[in-house]
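These notes concern the structure reproduced below.
The values are calculated or read from the model by the stated rules, or taken from the named source; none is laboratory data. Quick caveat, the model's predicted, so the values are computed rather than measured. Reconstructed Cβ throughout: ideal geometry from the backbone, glycine too, with neighbour counts over all protein chains shown.
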């Protein structure tokens with residue numbers, strides 16, 4: 001089931017995520033506008049479709065990454081490879097840098113063996129120091145990689161990445177950008193064997209993708225577009241490993257992800273996902289509408305007008321498209337008036 005079109009109304013600054021009302025169904029059916037002033041830079045994200053919180057924002061360069069580990073003992077210029085693959089005794093300066101820059105791991109106690117948790121691995125974990133609201137119970141807990149609602153929040157995503165880098169018995173501290181509290185500490189006591197995604201059968205990947213999609217729609221309706229975007233992104237990554245053209249569910253996943261990205265203030269990414277939908281289904285009305293909204297937010301008024309008119313040509317009573325097109329026309333007239341005034345001043 002595809003989530004309903006998100007209809008805009010009124011002008012709001014989309015540099016911050018939209019505030020949700022308590023009644024989630026009203027938000028799905030209501031009209032909320034995502035306009036971004038022309039010239040404003042588009043929002044970038046780490047993971048496809050996700051606007052990063054400070055805890056998982058990609059670091060701009062190595063210098064910024066090294067600032068995260070100020071106060072740690074030892075030299076931060078050591079190898080960035082996993083300590084599980086490094087010979088010799090453990091040093092206080094042994095660090096592992098998450099490839100996407102979302103955190104730096106300091107290994108306190110070396111694990112043993114070379115195996116690490118994979119998809120489906122049940123991990124017995126000791127966790128301390130996670131901030132209030134992370135929904136992770138401190139102390140001993142059991143987490144399954146790739147399964148469960150614990151992965152929906154930002155902290156769950158970080159924990160999963162960390163677990164996939166750990167060996168059995170390893171204890172580590174996580175340093176995160178924007179986290180000023182005490183270091184987060186994880187111990188991986190044990191785990192069961194899992195599988196890499198390439199080991200899964202096509203039917204298994206499709207089943208997992210359906211579960212992620214259903215969870216994403218549930219989160220969207222509950223007022224959590226960020227968590228929904230993570231689920232849709234994970235579902236797409238599973239399906240993208242299948243031979244082209246892939247299952248038809250990919251179309252709806254891209255369209256749903258675009259709806260989340262509009263709410264998260266990411267019009268450029270939303271437009272890109274709509275492009276992927278329209279490449280395979282040129283008449284997809286929700287993708288046309290959402291791309292029109294995204295183009296308007298980016299200041300591309302001609303492109304926005306073209307998409308919205310295509311929607312109205314098929315569905316003349318589409319109120320959301322009518323309202324958005326009216327706002328685009330008004331904005332275009334304002335720009336024309338400003339340009340005319342500027343030209344007159346040049347010749348006065």
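Odds and ends about this structure:
- Residue 242, sole failed condition from (1) under 25 Å from residue 145 (Cα atoms); (2) under 15 Å from the mean Cα position of the chain (by Cα): (2)
- Residues in the stretch 246-286 that are in contact (Cβ under 8 Å) with a residue 24 or more places away in the chain, more than 13 Å from the chain's Cα centre (by Cα) and more than 20 Å from residue 212 (Cα to Cα): 267, 268, 271, 280, 281, 283, 284, 285, 286.
- Residue selected from the stretch 96-112 under the condition at pLDDT 90 or above and assigned to a strand (DSSP E or B), by the criterion farthest from residue 179 (Cα to Cα): 112
- Any hit, the stretch 113-126, residues being modelled with pLDDT under 85, in a loop (DSSP other than H, G, I, E, B), assigned by TED's automatic domain parsing to the domain that holds residue 191 and crowded, with 20+ Cβ neighbours inside 10 Å: no
- In the stretch 239-345, counting only helices (runs of 4 or more DSSP H) that sit wholly within it, the ones holding 2 or more residues that are more than 23 Å from residue 217 (Cα to Cα) span 285-297, 301-314.
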